[in-house]
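Below is one structure, written out as structure tokens; comments come after it.
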Amino acid sequence: MEKIVVIGGGISGFAAAIESKTNDNEVIILEKENSPLKKLLITGNGKCNYFNEDFTKKHYYSSNKSFIENIITEENKIKVLNFFTSIGIIPEIKNGYYYPYSNQAITIKNALLKEAKIKGIEILLNNPVTKITKQNDKFIVKTKEKIIEANKVIISAGSKAYPKTGSDGSGYTLCEQFNHTIIKVLPALVQLKGEGSYFKTLSGIRSKVKASLLENDKIIKEEVGEVQFTNFGLSGICIFNLSGLASKGLYEKKQIKIKLNFLYNLGLTKEEEFLEFLNQQEKLLKKRTISDILDSLLNYKLTNYILKKLNINNDTLLENLSNSKRQAIAKELLEFTINIAGTNSFENAQTCEGGVSTLELNNKTLESNIVKGLYFTGEIIDIYGDCGGYNIGFAILSAILVGESIRGNHD
Ligand SMILES: Cc1cc2nc3c(=O)[nH]c(=O)nc-3n(C[C@H](O)[C@H](O)[C@H](O)COP(=O)(O)OP(=O)(O)OC[C@H]3O[C@@H](n4cnc5c(N)ncnc54)[C@H](O)[C@@H]3O)c2cc1C
């Protein structure tokens, strides 16, 4: 009987075990922690946003883009949704974002545990894998306590993101033992640190913006959403979605900036449009100060900060405000520029940029091109997605593709 060892009892490891199990094989999950699926429980603030209707390649990143194009397809989208249905998950879909109907991540944890139990999958906790070798077509998997022989091994050990969930980067060492290339691993879906001391003043502000990520003064990605100022920089989903590319740019010693347009949702993107807006307000409203006008658009802390920065008295009547001052305000509101000094650490990151190079994987089965019978799933691979269910979506898809290959494409 063929024996399959899955390293890592996270969501991709469980899905890979479930998808690989047949009546004719034995599947064992080796998990280093004392309980499985720790990361899953904290996803989506405990509600688990597990999928997104817009399952398209534009939401995924890898140093090998063609790999993404091969696997993020309509056909594979249906397979992922069928997987969740097959383990008993009923979705609640909010604007295309999928959550379990119970709105609790634990529903998905329990469904995976139940399915694994029904299928007869063995789960060994407190068993960190420290070494894997291959001798005469058999893998020898060593944990702290055991030595297990296996015909196939699936490495589902996560990344370095949120190490307190067990995902501490030890999986990369196992991959390197088989000469797999690890693309530089950096924090992604994480807060950005800004240069300068003004963040303490702005901390707590939330604003709807268009955020542009600039690498050496060239825009490389834009996001619309809510930005949050913290006492060290920026947070919020739109910032998280720019953070992986920011991480990479900083690592490559590029100059990274974020530009915020606070008036994007008002339809104002150009200086002349803002100047026209001020003219209209001047005609409509008498005896208003510039502070009155800006406070109707921005958090008062931001108004005060911008006016102080530009040396403009808050009580200046709009009718007395010079054209050059109006232009300077337009620049701050439409292109508020933050120099990025770094990202928060792996401890705060939801996933990682980088990982096992996809150039060394079969793009249909995720089997190693270097070692036959060795497979990879989930976050350990050099692919990650935006916030919004894309990472769990990929974790499940990778597990399905591995399972299809191990089952020989049939049940
Ligand atoms: C705070 C937070 C919120 C998130 N929210 C969402 C969300 O709402 N939607 C979404 O799509 N994604 C979300 N993510 C990302 C998502 O959780 C991950 O992409 C997903 O869990 C990856 O699954 P995985 O199985 O590849 O890795 P993991 O879930 O990290 O599992 C890896 C497992 O391997 C084990 N392991 C590691 N090394 C070894 C070893 N040497 N031996 C044995 N076991 C080992 C670990 O203990 C762990 O249990 C979030 C992440 C975080 C941190």
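Rule-based calculations on the coordinates, nothing more; no lab input. Keep in mind the model is a prediction, meaning the values are calculated, not measured. So basically every Cβ, Gly included, is an ideal-geometry build from the backbone, and we count neighbours across all protein chains shown.
Structure summary
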read-out	value
Volume of the Cα convex hull of the chain, divided per residue and given in Å³	142 Å³
Trypsin sites (Lys or Arg not before Pro) within segment 262-321: DSSP coil, no more than 16 neighbouring Cβ in 10 Å	270, 286, 287, 288
Taking 295, 168 and counting other C-beta atoms within 10 Å, the order from fewest to most	295, 168
Phi-based couplings in Hz for segment 12-22 (Karplus 6.51, -1.76, 1.60; Gly and Pro marked x)	6, x, 5, 5, 5, 5, 4, 6, 8, 6, 10
Calculated from backbone phi, Karplus (6.51, -1.76, 1.60) coupling profile of segment 53-60 in Hz, x at Gly/Pro	4, 8, 7, 10, 4, 5, 8, 10
Sum of -39500 (n - 2.57) over DSSP H runs of 4+, divided by residues of the chain (222 nm, nearest 500)	-9500 deg cm²/dmol
Shape metrics for segment 1-63, restricted to C-alpha atoms - Rg then Dmax, Å	14.9, 42
Least to most buried among 292, 382, 217 (fewest other Cβ within 10 Å first)	217, 292, 382
The chain, dipole about Cα centre (Lys/Arg Cβ +1, Asp/Glu Cβ -1), debye to the nearest 20	800 debye
The chain: relative contact order in percent, alpha carbon pairs under 8 Å with at least 6 residues between	24 percent
Theoretical FRET efficiency, 1/(1+(r/R0)^6), r = Cβ-Cβ of residue 266 and residue 365, R0 51 Å, to 0.05	0.55
Sites residue 101 and residue 133, calculated FRET efficiency, Cβ-Cβ separation with R0 41 Å, nearest 0.05	0.35
Least to most buried among 398, 203, 324 (fewest other Cβ within 10 Å first)	324, 203, 398
Coarse-grained scattering of segment 191-344 at q = 0.11, 0.19, 0.20 Å⁻¹, given as base-10 log I(q)/I(0) from a Debye sum over alpha-carbon atoms	-0.43, -1.14, -1.23
Positive-end residue of 224, 262, 8, charge dipole of the chain with Cβ unit charges	262
